[in-house]
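Working notes for the structure below.
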Amino acid sequence: RVIPGYGFTLEGLINPAFNQDWLVVRVEHQGYQTGVMEEEAGEAGNRYENKLFLIPHHKPWRSPQTPRPIIRGTQVAHVVGPEGEEIYCDEWGRVKLQFPWDRRGNFDEHSSCWVRVMQGWAGAQYGNMMIPRIGDEVLVKFLHGDPDQPIVTGRTYHSTTEPPYLLPKHKTRTTIKSKTHKGNGFNELRFEDEQGQEEIFLHAEKDLNHIVKHDETTQVGNNRTEQVTRDETCHIGNNRTETVAQDEDLTINRDQTHSIGRNRITKVEQDDILNINNSRYVNVHGDTIIHVGNELNIDIAQNGSWEAGEVFEQICETFDLEGYEQVELSGPGGSIIINREGITLVGDVYIEGELCQEGGEAEGVSPFETLINNAITPNTYYSTRLDVYDIYGRCNEKKVPYTILDSQGERVTEGMLDEDARTGRVYRETVEQLKVYVGKAKIES
């Protein structure tokens, strides 16, 4: 057998220059079968001949390279991958393909080599990234026509992979719509360009993260509605200004807590109405100043109290204190009780100034004739209270009636011993001896 690339030794020729080792570089075969053509059947028999192209074996020779095949135009293919997967790619975003003319492929990850995918923008860790998914129909070209360098240049819809919206009904829509991996959800950015219905629609199947490193401006020409099903957290690092041109309604179905680190100023041009269906507690650690330009009315349906740790001062032109049943003014030394029966003064009474009486025969009473004023000038008048003890030095006589007579046997005062078994205070202009009758003692006048 004479095969290109193999050599042989030629011997026995007349010309010794041909008797040497030769290398076969090419063989051309040509055969004739005369029986095939009827007109040539009887003229000659079958024959075979060939031509050998030889070079001396000791000379170097390299056969010319076979030209690489060229694939021109665009091919259609489908993205394939392992069973059970929806997206199959490598670290560079390359995918596996199955061409319709490939009868040996099994529509799996072994159907082709990794094929690059053209993106709309590809840079150093920036740009677009949309990985074709298994089952997508793609358009494939070959760099310089080289079958070993396929690249996905586009994608198309067909009968099994239909567009996301019914066409031509929604021909005015432009959308970027994805599909949840191994699920039924989707994310979408959609533009509607129908006149009068223009819209930008954004749908996040789960989370939506919005990051603005500098300023953000939002302008709404008409209404704005926002609905949050669960919690909302807003953190502002500096100042916040909010202006409402007309009304604002705020409804909170449960609790509300405000924490202010420094001051709060609230300005109401007209009325301020606060309605609390239960209790209200106000705790002020410092001072409270309330300025009312006109009237202040406080209506308490049941009980009310004011308590001051030191001084409680109220200054006005006229102070009107009224109680429907009773008014009681109490202090450590006594009290004033005003009720339907009259006015009752409990405790020692000191009056400075002239004591006047309206009505009756007397137009005025001199303070020197009234025992109630005897303590005004302690250097001139004398007063005392008497303690009542038994023979054992015990104060057992409490809430017992007593009567006090002066040195002339005239009745000075009478009353009931207090809880300390004391009489009321007695005032005299001079030093004198008084007699005290306690209980049922017989009074000697």
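The values are calculated or read from the model by the stated rules, or taken from the named source; none is laboratory data. As the structure is a computational prediction, the values presented were derived from the model and not from experiment. A quick note on method: Cβ atoms are made from the backbone with ideal geometry, for glycine too, and the neighbour counts reach across all protein chains shown.
For ASP193, are the conditions met, namely being outside the structural domain of GLY120 (by TED's automatic domain parsing) and surrounded by fewer than 10 Cβ atoms within 10 Å (Cβ to Cβ)?
Details: outside the structural domain of GLY120 (by TED's automatic domain parsing): yes; surrounded by fewer than 10 Cβ atoms within 10 Å (Cβ to Cβ): no.
When the stated conditions are applied, ASP193 does not pass them.
Based on what the data block shows, is THR318 of a type in the set (S, T, N, Q) and either under 30 Å from THR243 (Cβ atoms) or surrounded by 10 or more Cβ atoms within 10 Å (Cβ to Cβ) (or both)? I'd like the intermediate steps shown before the answer.
On the way: of a type in the set (S, T, N, Q): yes; either under 30 Å from THR243 (Cβ atoms) or surrounded by 10 or more Cβ atoms within 10 Å (Cβ to Cβ) (or both): no.
So THR318 fails the test.
Only one of (1) in a strand (DSSP E or B); (2) aliphatic (A, V, I, L, M); (3) surrounded by 14 or more Cβ atoms within 10 Å (Cβ to Cβ) fails for ILE134. Which number is that?
(1)
I'd like the residue in region 93-110 that is under 50 Å from the mean Cα position of the chain (by Cα) and at negative phi and, out of all such residues, is surrounded by the fewest Cβ atoms within 10 Å (Cβ to Cβ).
Among residues in region 93-110 that are under 50 Å from the mean Cα position of the chain (by Cα) and at negative phi, the one surrounded by the fewest Cβ atoms within 10 Å (Cβ to Cβ) is HIS110.
Among the strands (runs of 3 or more DSSP E) lying completely within region 140-225, list those that include at least 2 residues that are at pLDDT 95 or above, touching a strand residue (DSSP E or B) at 6+ places or on another chain (Cβ under 6 Å) and over 24 Å from ARG116 (Cα atoms).
On the way: elements: 150-156, 173-177, 188-192, 199-203.
Correct list: 173-177, 188-192, 199-203.
Just to check your reading of the model, which residue among GLY84, GLY45 is farther than 19 Å from VAL140 by Cα and under 52 Å from the mean Cα position of the chain (by Cα)?
GLY84
Spot the failing condition for THR156; the list is (1) within 29 Å of THR74 (Cα to Cα); (2) outside the structural domain of VAL95 (by TED's automatic domain parsing), and only one is missed.
(2)
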